Amino acid sequence: VFDRQHNSPSKAMDLETFLSAHREPLAGDVTAMRELSVPKQLPLEDASLTFERFCRKYLIPNQPVLVEQTVTANWPARTEWCRPDGSVNVEALLARFGDMVVP
């Protein structure tokens, strides 16, 4: 795992390890999950957002977040799933995930 905050390899947990260590919050009943409130103003994170903080603050509690473009600039999805004009490349998404079932 690469620690973007320190621009070096780190002892940071990968997603599977992190989630397995935090299964209990994810195992809550569906009703409780539906009662989560969405903030009226979404937080904006910059490149200092670490993987662990993202998981703790947003992924596990299922909260939305906006991230600056600098955070995702080198992500393969930026070129594979987006067109040069910034629009979504639906054909690429369908080719890769078209047979996936979303709960």
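Computed from the coordinates by the stated procedures, all read-outs in this text should not be read as laboratory data. Everything numeric here is computed off the predicted structure, so don't read it as measured data.
Taking amide H atoms as placed 1.01 Å from N in the peptide plane, list the residues 5 or more away in sequence, or in a different chain, whose amide H sits under 5 Å from that of residue 45.
66, 67, 68
In whole Hz, what ³J(HN,Hα) sequence does region 43-57 give by Karplus (6.51, -1.76, 1.60; θ = phi - 60°), x for Gly and Pro?
x, 10, 10, 10, 5, 7, 5, 8, 4, 4, 5, 4, 4, 5, 8
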